[in-house]
Amino acid sequence: MTMIPSTSDADFIDVGSNRNISAEYMKRESQLFRGYHNVRSFPDTARSCYTLPSLVPGSKYLVRAMFRYGNYDGLEKLPVFDLYLGVNLWQTVNISQAERTVLAEVISVIPDDSVQGLVLVNRRDMGGKGNYPIRYPYDPYDRAWLPWSDSKVWSNISTKEKIQGNVWNLRYHVPSTVLQTAITALTGSKTIEVSFATQLDNVNPILGSYISGNLKRKFNVTVDGGHSKLQSKLEYLVPDVMYNTEPHECSSRYNITMKAATNSTLPPILNALEYFSVISTTSVGMVIQDGPTRGRNGHGHQQLENRRFTYKELEVITDNFKIVLGQGGFGPVYDGFLQNDTHVAVKLLSLSSNQGIREFLTEAQKLTKIHHKNLVSLVGYCRDGKYLALVYEHMCEANLDDKLRGVLLHLYE
């Protein structure tokens, strides 16, 4: 138990319904964390949004969401849906078992169009034992370090001695409890190999923390057969960190090889491991958005995963800006269709507009933070060189700009 107090999500969203999970799953897991006893479901909407208030510009935030089906609706249909951070695809949530909890976690700086967010893929306490992760209060940020050991491929080692503090401890705050356990090479070997599956086309930076024994320990690290090379020399009970400063492109598996140097008397060790995929973060607001529900074949009625459009894509969407729906202070609004025939309206910032880029992005930010049944949704955006554009759901039977302004004025009265 972390002893961290929880609060209702009622202040962050005004749609959906609160449902209890099936009594069957309550009985199966008598020690189930109370927060999993009920869920908020969205049976009547394809997209629902949480708004996080009081964010400080330029600050770093860790956002975590947890999903557990528990057959709350009695339908025994496991859900699959997309999760968005603002207009950017965060990850696809695929609940494969009714009693399984899916974790989604991202670290993001808000707001900053030039900054990338890091989506957690895995965080491991190497050589750790037991079935439960190390969390708060051992980890000041309540990061969950899951134990990982495999006696067939690694040996486990541990110490009860205190880990010494240094710059890496202060920067990454890896709990001492995590650093007191490690994996090392099997007897007779001087190599550790760590391999794990990842998503195709993901880009993953890695971060690992290490401690040493009381003899000379020096080793080299290669990633995916030599695409990245790192070297470490350890001191007794003093942690060290290896990480790559640029994203590493990988295929369906990620392979790390740690091999002792020729003059090392001890094999390498590995205490902890984190790896992330990289997503774009933009200045159009901070909203956790669960996108359209997908069918079991992975195809939904609104596949809007590419939320950042190029100018050339806008030319295709609008048929070279053929039909003008209206004219506003920022510039013209054009009629368009996405590849899946979704009807959209594209608001393009005119180069001669008396409204600036800041005002243009402010409008987008308001639309991502204000959600109302009568207010159109922001599908995506374009920031391509000198071109700026916002892509909205199409609103029929009226001028889009007039309706947007009318609704916004009404909401602000």
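The values are calculated or read from the model by the stated rules, or taken from the named source; none is laboratory data. This is a predicted model, so every value here is computed, not measured. As a convention, Cβ positions derive from the backbone with ideal geometry for all residues, glycine included, and neighbour counts pool all protein chains shown. To get the accessible areas, we keep the full protein, side chains included, count just its heavy atoms, and leave off ligands, DNA and RNA. Shrake-Rupley method; radii C 1.70, N 1.55, O 1.52, S 1.80 Å.
Arg123 falls short of the stated requirement of being open to solvent by 20 Å² or more (accessible area, probe 1.4 Å) and either at pLDDT 85 or above or out of contact with any Gly (no Cβ under 7 Å at 6 or more places or on another chain) (or both). Among the residues of segment 150-164, is any part of a loop (DSSP other than H, G, I, E, B), under 13 Å from Leu273 (Cα atoms) and modelled with pLDDT of 90 or more? No, segment 150-164 contains no residue that is part of a loop (DSSP other than H, G, I, E, B), under 13 Å from Leu273 (Cα atoms) and modelled with pLDDT of 90 or more. The number of residues in segment 226-275 being surrounded by fewer than 18 Cβ atoms within 10 Å (Cβ to Cβ), at pLDDT below 75, part of a loop (DSSP other than H, G, I, E, B) and not β-branched (Val, Ile, Thr) comes to 8. Is one or more of the residues making up segment 42-60 modelled with pLDDT of 90 or more and either open to solvent by 50 Å² or more (accessible area, probe 1.4 Å) or closer than 24 Å to Thr2 by Cα (or both)? Scanning segment 42-60 turns up no residue that is modelled with pLDDT of 90 or more and either open to solvent by 50 Å² or more (accessible area, probe 1.4 Å) or closer than 24 Å to Thr2 by Cα (or both).
Quick one: in segment 1-21, of everything that is in a loop (DSSP other than H, G, I, E, B) and surrounded by 12 or more Cβ atoms within 10 Å (Cβ to Cβ), which residue is farthest from the chain's Cα centre (by Cα)? Walk me through how you get there before you give the answer.
As a first pass, look at segment 1-21 and keep what is in a loop (DSSP other than H, G, I, E, B): 1-16, 21.
Going one step further and asking which of them are surrounded by 12 or more Cβ atoms within 10 Å (Cβ to Cβ), we end up with 2, 12-13, 15-16, 21.
Numbers: Thr2: 22, Phe12: 19, Ile13: 20, Val15: 23, Gly16: 23, Ile21: 26 Å.
For segment 1-21, the residue satisfying everything is Ile21.
Residues of segment 68-99 that are open to solvent by 40 Å² or more (accessible area, probe 1.4 Å) and either in contact with an Asp or Glu (Cβ under 6 Å, 6 or more places away or on another chain) or in a strand (DSSP E or B) (or both): Leu89, Thr92, Asn94. Every condition in (1) part of a helix (DSSP H, G or I); (2) over 29 Å from the mean Cα position of the chain (by Cα) is met by Arg171 except one, and the failing one is (2).
Mind telling me which of the residues Thr181, Thr187 ends up being touching a residue at least 12 places away in the same chain (Cβ under 8 Å) and either under 21 Å from the mean Cα position of the chain (by Cα) or under 20 Å from Asn122 (Cβ atoms) (or both)? Explain how you work it out, then say what you get.
Values: Thr187 fails: either under 21 Å from the mean Cα position of the chain (by Cα) or under 20 Å from Asn122 (Cβ atoms) (or both).
None of the other options fit; the residue is Thr181.
Out of segment 177-194, which residues are under 22 Å from Asp240 (Cβ atoms) and either of a type in the set (S, T, N, Q) or not in a strand (DSSP E or B) (or both)? If you could, list the steps in order and put the result at the bottom.
Of the residues in segment 177-194, the ones under 22 Å from Asp240 (Cβ atoms) are 177-185, 189-194.
Passing the criteria: Thr177, Val178, Leu179, Gln180, Thr181, Thr184, Ala185, Ser189, Lys190, Thr191.
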